[in-house]
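Heads up, the thing below is written out as structure tokens.
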Amino acid sequence: MLDFSAVVPSIPYIAKGIGVTLQIVVGATIIGLVLGILLALCKIGKITALRWFADFYTSIFRGTPLVLQLMIIYYAIPQLFDINIEPMPAAIIAFGLNSGAYISEIIRGGINAVDKGQLEASLALGIPYAKMMKDIILPQAMKNIMPALMNEFITLTKESAIVTVIGALDIMRRAYVVGGSSYRYLEALMIAGVMYYILTLILSFLGKKLEKRMSRSD
């Protein structure tokens, strides 16, 4: 039988984890977006070494579990370099590096989808490559890939639950603590699930609003 009476008083405690979750997701998204753009430009560039590096980076972070990457940064890096990394920075770095690999592929696809004629016209007019990418190609690519980027952002929000393995007090970790203290794990986890679901709905709504605004700006 479900009994939420022992868990309901702890809902505010679990809800405090929303802020932690959003900090991790926002920080990781910023890192992932910047890194993804740089990697995408390397992949479509003419410098072979940079293309190889970007492809190798992407294959590593897409080919290994995210939880493994997180634990390497939190446990192995301090062991190698004799430094201390707190759970929050470790989570943001791990998720940012991982997200950058996926975002780079999304952006690369968006850039390749832009009409080749615009690239040729820009080069014919003598527009520098960097300026052309910043002012002409990337803005159009971002409009095309906005749904995929929002999907990555939502996925990152849900996957952030694995930071519980390094003790970060996000939604999932707090639910686990409440479940352990009240011996009502199912109820606590169900509350955490509802919070993640609401976050996902809000992000999906904001994503659709942003897509509509960008489409009207065409």
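A short reminder: the numbers here are calculations on the coordinates, not readings from a lab. Computed from a predicted structure; not experimentally measured. Because the Cβ atoms are built from the backbone with ideal geometry, glycine has one as well, and the counts that use them run over all protein chains shown.
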When the chain is modelled as a GNM with alpha-carbon springs shorter than 10 Å, which of 115, 82, 170 fluctuates the most?
-> 82
Inter-probe distance in nm under a simple model that places probes 7 Å from Cα toward Cβ, at residue 79 and residue 181 = 3.2 nm
When a footprinting reagent is the concern and you count Cβ atoms within 10 Å, what order do 182, 10, 59, 204 take, fewest first?
-> 59, 204, 182, 10
DSSP H helices in the chain with Cα extent of 27 Å or more along the helix axis and mean Kyte-Doolittle hydropathy at least 0.0?
-> 11-44, 87-113, 138-159, 185-216
Gain on full stretching of the segment that runs from residue 44 to residue 212 - 0.36 nm per residue minus C-alpha separation | 57.6 nm
Report the extension gain between residue 6 and residue 130 in nm, rounded to one decimal, defined as 0.36 nm multiplied by the number of residues separating them, less their alpha carbon distance.
-> 38.7 nm
Sorted by Cβ neighbour density within 10 Å, fewest at the top, the residues 131, 43, 208 | 131, 208, 43
Given pairs 46/116; 143/208; 16/209; 16/158 and cut-off 19 Å on Cα-Cα distance, the over-length ones are 16/209
Any chance you could check the Cα centroid distance between the range 144-201 and the range 45-91 for me, in angstrom?
-> 23 Å
